[in-house]
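The values are calculated or read from the model by the stated rules, or taken from the named source; none is laboratory data. Not measured: the values here are computed from a predicted model. Note that each Cβ is placed from the backbone with ideal geometry, even for glycine, and that neighbours are counted across all protein chains shown. These accessible areas exclude ligands, DNA and RNA; they are computed on the full protein's heavy atoms, side chains included. Shrake-Rupley method; radii C 1.70, N 1.55, O 1.52, S 1.80 Å.
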Amino acid sequence: MVKKYIIDETLLPTRWYNILPDLPEPLPPSLNPATEEPVKPQDLEAIFPKEIVRQEVSLDRFVTIPEEVREVYSIWRPTPLVRASRLERVLKTPARIYFKYEGVSPPGSHKPNTAVAQAYYNLREGVQRLTTETGAGQWGSALAFATNLFGLKLTVYMVKASYQQKPYRAILMKTWGAEVVPSPSNRTRVGREILEREPDNPGSLGIAISEAIEDAVTHEHTKYSLGSVLNHVLMHQTVIGLEAIEQMKLADDFPDYVVGCVGGGSNFAGLAYPFYMLVRDRKAPKNVKFIAVEPTAAPSLTKGEYMYDYGDTARLTPLIKMYTLGHDYIPPPIHAGGLRYHGAAPTLSLLKKHGIFDSVAYDQVSVFNAAVLFAQAEGFIPAPESAHAIKAVVDLALEAREKNEERVILFNLSGHGLLDLAAYADYFEGRLPAYEYPKEKVVESIERLRAHLASIGIA
Ligand SMILES: *Cc1c(COP(=O)(O)O)cnc(C)c1O
């Protein structure tokens, strides 16, 4: 039986799918917190190149992928679609399970799908250096891979605690020529102020964002780059779903369920949005259930509120309408670093509010149980983030067994876990706590946010 569907390189998508014109209602605008007015494209051009800003608000249904970007994609794209028949056998399920494997990219995840596009547009507009932040290092390494190929410089502000505890991703970034700065650093005003008060501050994603933005706006020919949440990032990721549609045709099958893990929402949207387009256009042979999977430690879609909030802890970003746990939410130190975010992409949040997309949350112990089950059945070692999707798929497949129901499940295996073996070691030694974010804390944080929004005149 053929179980690995790789399409011909010439079928690599030529266009990204933009969901903005196809949403059930127009996306609420991002707001400038100082003026309460919608953010103007010119405001964004201080930190992003013009073409990225244009894509962020574009209402064109499709955007052509530049040939230079497709050429780089072809290093690892199209990625395989795999029928997980060994996992089906282990679970004794009548369900048919497929996964799209994004771990074959050189940095090992879906993130270069947008990093390559962003590096290209910056280069084309004369930018010489990019800045960004990274937590565990997945985004930083994806952008380092991309800037290296296009001959741009890159400065990555990496949360100091991760820099010290997880050295391998920093080494990857350096190998691809990036400068990695443990944050807080003395390179920026923000960083120096923090270090003066608190020389041993371990850093946070919020601080690293502040440093990266300050560096970009205070230097010539320098821009900033972000790896999830924003509309253009999710659009770049749709190559995943567009390929998967063609590959499901080769398999002569179609999913009842499309599943993915959600940090900011980019890998899940990348797989799911093109299937949403088919359903919306009445071109799908059946209806599809879309399931976003989160950690119980950061359950923004599952336990958060749909309201305006800042994208970062330091309140530097515009206010965006999304499901949020409150920007002062401090994520427990779970191993799925890429899922430790207080909010979720605005388009994904809107689809969840309309009941078109659904979400579930799992704790990291049950997630690692599923990760090891999958590794023993299929061979691939999943990233802890991707393993959240696997846990949901295992539950759906077991439910299918109980109901003796044929169902087709497609999920995104967003990355491999070969640089996350310390997390597996903690799991085997019973050192992983099953964190659950307490509902009271969400309520407190949301109340603080409501009071703050009222004080600046935003309902
Ligand atoms: C960063 C990351 C995620 C989470 O980010 P999204 O924007 O939600 O996709 C998931 N999986 C992997 C492997 C990652 O590196």
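Structure data summary
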item	result
Condition check for residue 268: in a helix (DSSP H, G or I) and not acidic (Asp, Glu)	yes
Meets criteria (part of a strand (DSSP E or B), of a type in the set (Asp, Glu) and at negative phi) for residue 253	no
Residues located in the range 228-248, provided they are open to solvent by 10 Å² or more (accessible area, probe 1.4 Å) and under 17 Å from the mean Cα position of the chain (by Cα)	228, 229, 230, 231
Subset of the range 137-169 [surrounded by fewer than 24 Cβ atoms within 10 Å (Cβ to Cβ) and under 18 Å from residue 340 (Cβ atoms)]	160, 161, 162, 163, 164, 165, 166
Scope the range 149-158; condition under 18 Å from residue 214 (Cα atoms) and out of contact with any Leu (no Cβ under 6 Å at 6 or more places or on another chain); matching residues	153, 155, 156, 157, 158
Qualifying residue in the range 336-350 (condition: β-branched (Val, Ile, Thr) and under 22 Å from residue 226 (Cα atoms))	yes
Qualifying positions in the range 142-171 - in contact with a Phe, Trp or Tyr (Cβ under 8 Å, 6 or more places away or on another chain) and closer than 19 Å to residue 420 by Cβ	144, 145, 170
Subset of the range 117-138 (residues that are within 24 Å of residue 14 (Cα to Cα) and within 16 Å of the ligand (Cβ to nearest atom))	117, 118
So residue 251, is it more than 29 Å from residue 365 (Cβ to Cβ), in contact with a helix residue (DSSP H, G or I) (Cβ under 6 Å, 6 or more places away or on another chain) and open to solvent by 10 Å² or more (accessible area, probe 1.4 Å)	no
Subset of the range 179-195 (residues that are in contact with a helix residue (DSSP H, G or I) (Cβ under 8 Å, 6 or more places away or on another chain) and of a type outside the set (Gly, Ala, Ser))	180, 181, 182, 184, 186, 187, 188, 189, 190, 194
Residue within the range 31-43 that is closer than 22 Å to residue 311 by Cα, under 22 Å from the mean Cα position of the chain (by Cα) and open to solvent by 40 Å² or more (accessible area, probe 1.4 Å) present	no
Residue check for residue 202: touching a residue at least 24 places away in the same chain (Cβ under 8 Å) and open to solvent by less than 20 Å² (accessible area, probe 1.4 Å)	no
Residue list for the range 396-428, filter: open to solvent by 40 Å² or more (accessible area, probe 1.4 Å) and closer than 15 Å to residue 366 by Cα	398, 427, 428
Residue that is more than 12 Å from the ligand (Cβ to nearest atom), farther than 14 Å from residue 259 by Cβ and either in contact with a helix residue (DSSP H, G or I) (Cβ under 9 Å, 6 or more places away or on another chain) or modelled with pLDDT of 95 or more (or both), where the choices are 401, 340, 407	401
Lone qualifier among 214, 193, 243 - being under 22 Å from residue 338 (Cβ atoms), acidic (Asp, Glu) and assigned to a helix (DSSP H, G or I)	243
Those residues of the range 93-102 which are open to solvent by 10 Å² or more (accessible area, probe 1.4 Å) and either within 13 Å of the ligand (Cβ to nearest atom) or closer than 18 Å to residue 6 by Cβ (or both), in sequence order	101
Qualifying residue in the range 380-395 (condition: in contact with a Lys or Arg (Cβ under 9 Å, 6 or more places away or on another chain) and in the same structural domain as residue 90 (by TED's automatic domain parsing))	no
Which numbered condition residue 207 misses (of (1) over 20 Å from the mean Cα position of the chain (by Cα); (2) outside the structural domain of residue 400 (by TED's automatic domain parsing); (3) at negative phi)	(1)
Identity of the residue in the range 433-454, modelled with pLDDT of 90 or more and touching an Asp or Glu at 6+ places or on another chain (Cβ under 8 Å), that ends up farthest from residue 301 (Cα to Cα)	448
Filter pass, residue 441 being closer than 17 Å to residue 258 by Cα, in contact (Cβ under 8 Å) with a residue 12 or more places away in the chain, outside any loop (DSSP other than H, G, I, E, B) and not acidic (Asp, Glu)	no
Unmet criterion (only one of (1) within 30 Å of residue 354 (Cβ to Cβ); (2) assigned by TED's automatic domain parsing to the domain that holds residue 277) for residue 35	(2)
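A quick yes/no check of all residues on (1) modelled with pLDDT of 95 or more; (2) away from the ligand (no atom under 15 Å from the Cβ):
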| residue | (1), (2) |
| --- | --- |
| 313 | no, yes |
| 323 | yes, no |
| 348 | yes, no |
| 351 | yes, no |
| 367 | yes, no |
| 378 | yes, yes |
